[in-house]
Every structure is written in C-alpha cells, then in structure tokens.
C-alpha cells in the first residue's frame, strides 16, 4: 500500500526555477500526505552546463533530464520534477509521468526595459531567445527584427537584458510569475496570435515505470483537466517527431466535454507558418489528428529542415 512510503527523494535541477518547482512539489506531498517526508537532490545537468550553444546543437531538451533519470535508476531518487515543456515527447520505457499539476498561465511574456510590446520595437531591434518557436513567430510578425541566441536560467537572461545586450527578450510567463518577477513582464502573448510551447506552464512528476506505489500515490495529485491538455499537446508532438530543433507550438484547453487545441509548425525564419485547430473528447486522438492535419498542409517539408 502507498502508506508504506515514508520518505520521497526528489531529483531536481539546481536552477532557481527548478528548485521552486521541486519545493512546490515537496510542500504539496507533505501537505496531502502528512505521513510522508521529502528531501531534495539538486543536480546539475548537461543542459545547464553548456550555455554557449543552442539546445538543438547539443542533443535537445532531454539533456535536462538524463542526470535526474540516472539518479532514479540508481535508487538515489524516487521522483524527478520537470517543467513539462522540457520533457521530450518520446520518453524511455523505463520512465513515466505519474502526475501533472494544475497548469499555470501558459503564455509567453514580452520583457523589455524600454518597450511594451513587439509592435513598439524599433526597426532592427535585437530580441533574445533560443527557441525556434519564438523566433519563427517573432519574424513572422516583424521580419526586420534581429533574433539573437539567449540561454541560461531566468536570472541570467534578465541580467543580459539589463546589461543592454538585447532590446527585449521572450520568456515563459509561468517562470517569471513563479519567481515573483511579475514586474518584469511588459506584456503577454496569447493564442491565437501567439502559441506557447507544448506543455508550457505545467509541472510534471516523473518516476520509474515499475514504481506502481508512486504511480498510485501521485495519481491523487494529478489535475485531470491539465493532464488531458498536456497529453493532447504531447501526442501531437510525438506524432510530428518534434524536438527543440523544430518550431512547433500548441495550446489545448478543456471546453465543456471536449478539448480544443490550436497548433502550428513554422519555418524558423517565419516565412511560412502552418496552423491547424480541432477538438475532441479523446486527448491522444486529438493530438494525432492535429498532427495529420499539419502534415496534410505541408508540415513535413518544414520539419525536414530541422534534420538537414
């Protein structure tokens, strides 16, 4: 039975935002299950260490998970906590997402010390992001902009903006608000004009597929509406074989008895964006249907660019 669990060790990245997510999870566990204590196992991942090149050049978002997964395989940790946008669509069979918490605002935030929105930026302004999804949408709206690579944790990115390296940067709203940096947000970018990353704004818990005790326990912390939306977005991404070297955006919401989703696949330079929307009461079917609709509109040709 689940009550045999007395301590849960949480593997987490060492960045301030990742630690916030891990502590949030720890508090939720101890509040919901008073008989369970938690401890954190902070770790540095390769994705955190290599900051001078974009993720698609060094192996993708999975680099933020590998060390944490090794800790679970070695029985050093019971679970790992992730931002769901960092979890690859295709996971190894040894692992599963056993819980997804209520989604925060999934939008992107426009951050600038001088300008309030993309429209206000002057010609040839420099905007920081290493996301091809953000880059493509930026250049679709403003082909004149210069997009300059930007990596590191939230604090590092803001410091580079403050040092004058960029006129503006794009960050996830959820990260800024969770770190109590709401005052840095000049404006938010929402669907249908701007789509977030798959899984953005949601925190998930990963464990070994064999840990049925943890899977049973964490099912009690799962937010079903959020989980359905995340499953739909991830099913689409898996069908597209999307990665951080692809410009893919998605936004799913529960609307009554159905899930509605908007999605896009874009050329990195913003010259072509394919958009699709659909709805279903089956999240996985919805994701697959949207992926097939994107393929039917020519998405494969754009996605192939990422693998050239």
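The values are calculated or read from the model by the stated rules, or taken from the named source; none is laboratory data. Fair warning: this is a prediction, and the values are worked out from it, not measured in the lab. Glycine also receives a Cβ, built like all others from the backbone with ideal geometry; neighbour counts cover every protein chain displayed.
Descriptive notes on the structure:
- Residue pairs whose Cβ atoms lie under 8 Å apart, separated by 6 or more positions or on different chains, with the first residue in region 66-88 and outside the structural domain of residue 39 (by TED's automatic domain parsing) and the second assigned to a helix (DSSP H, G or I), do not occur.
- Test: residue in region 248-255 that is out of contact with any helix residue (DSSP H, G or I) (no Cβ under 6 Å at 6 or more places or on another chain), closer than 22 Å to residue 84 by Cβ, surrounded by fewer than 21 Cβ atoms within 10 Å (Cβ to Cβ) and free of Cβ contacts under 8 Å to residues at least 40 places away in the same chain: yes
- Criterion violated by residue 105 - all others in (1) within 22 Å of residue 214 (Cβ to Cβ); (2) modelled with pLDDT of 95 or more; (3) part of a loop (DSSP other than H, G, I, E, B) satisfied: (1)
- Within region 24-45, the set of residues being part of a helix (DSSP H, G or I), in contact with a strand residue (DSSP E or B) (Cβ under 7 Å, 6 or more places away or on another chain) and surrounded by 15 or more Cβ atoms within 10 Å (Cβ to Cβ) comprises 25, 26, 29.
- Residues of region 279-306 that are more than 16 Å from residue 264 (Cβ to Cβ) and surrounded by 14 or more Cβ atoms within 10 Å (Cβ to Cβ): 279, 280, 282, 283, 284, 285, 288.
- Scanning region 72-92 for residues that are at pLDDT 95 or above and either surrounded by fewer than 20 Cβ atoms within 10 Å (Cβ to Cβ) or more than 21 Å from the chain's Cα centre (by Cα) (or both) gives 72, 73, 74, 75, 76, 77, 78.
- Those strands (runs of 3 or more DSSP E) of region 189-308 in which 3 or more residues are within 18 Å of the chain's Cα centre (by Cα) occupy 203-208, 247-255, 258-266.
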